[in-house]
Amino acid sequence: MKYGLYSNTVERFLLVDDQLHFVYDTARLLSSKMLCHVLPLKSHSPVTEKNCHYYKVSNPSSLLQKSPYPHYTTKLVGQDMEVKTTKQTAVPEEVFDQHIEFVICVHALVTALYHTEYEVPGNYVDLLPETPDDFFLTGGFKQVLFDIAYNCLSREELYEALGMFLGTIPKNNPYAMKKKDKFVRFLKKYEQRFLSYSL
């Protein structure tokens, strides 16, 4: 099963992935900027990773939201919900392309973070400076990254904030540096892969 991240704001699918929790976490981080749905895709759905930006839901009124929090629907795209290809006109094309880049970057961050946790498990607090009143200590590494992505508005802003945060990780802590390096490598890997879908 694959899942599409659909934006009610621009009435377009923004990405497709087979990991539901990755897609849903990406939608949560984007909810400060746009209205999102996570939609399951029927097998052999015409909506794929490479062409999803051309598709919109035929009846967008069926996806009305009362809150900015992302919704997950059990309706299958291609079975219970029809889609069609049309030119998006909600925002200028250049702005839409910037939206896509940012969405892909956030999704790469989420994917990289989970893969880092799988390969280097442990307490993320160990990565952080030993400052008792440091707010980073309250939520750990994952929460800090999620907060950064939630509050940023562009790919450039996100990378600048990530660089500032990762720069605070102590170099004299081998565990911390291993986890940081893994995350950075995964982030580059998945962003490059996801961006290649949209070219």
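The values are calculated or read from the model by the stated rules, or taken from the named source; none is laboratory data. These numbers come from a predicted model, not from an experiment. Positions of Cβ are backbone-derived with ideal geometry, glycine not excepted, and every protein chain shown enters the neighbour counts.
Here are the numbers for the structure shown:
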| quantity | calculated |
| --- | --- |
| Matching residues in region 11-30 - criterion: being of a type in the set (D, E, K, R), outside any loop (DSSP other than H, G, I, E, B) and closer than 15 Å to Ile100 by Cβ | Arg12, Asp17 |
| Residue list for region 49-69, filter: surrounded by 15 or more Cβ atoms within 10 Å (Cβ to Cβ) and modelled with pLDDT of 85 or more | Glu49, Cys52, His53, Tyr54, Tyr55, Lys56, Val57 |
| Counted residues, region 31-71 - those being in contact with a Ser or Thr (Cβ under 8 Å, 6 or more places away or on another chain) and assigned to a helix (DSSP H, G or I) | 3 |
| Complete set of residues in region 73-103 that are charged (D, E, K, R) and free of Cβ contacts under 8 Å to residues at least 12 places away in the same chain | Asp80, Lys87, Glu93, Glu94, Asp97 |
| Looking only at region 166-195, and only at residues there that are under 18 Å from Glu117 (Cβ atoms) and of a type in the set (Val, Ile, Thr), the one that is surrounded by the fewest Cβ atoms within 10 Å (Cβ to Cβ) | Val184 |
| Qualifying residue in region 72-88 (condition: closer than 18 Å to Lys33 by Cα and in a helix (DSSP H, G or I)) | no |
| The one condition in (1) buried (at least 21 other Cβ atoms within 10 Å of the Cβ); (2) in contact with a helix residue (DSSP H, G or I) (Cβ under 7 Å, 6 or more places away or on another chain); (3) of a type outside the set (Asp, Glu) that Val23 fails to fulfil | (2) |
| Subset of region 1-13 (residues that are crowded, with 17+ Cβ neighbours inside 10 Å and over 19 Å from Asn59 (Cβ atoms)) | Lys2, Tyr3 |
| Among (1) touching a strand residue (DSSP E or B) at 6+ places or on another chain (Cβ under 8 Å); (2) small (Gly, Ala, Ser); (3) closer than 22 Å to Ala149 by Cβ - the single one Gly78 does not satisfy | (3) |
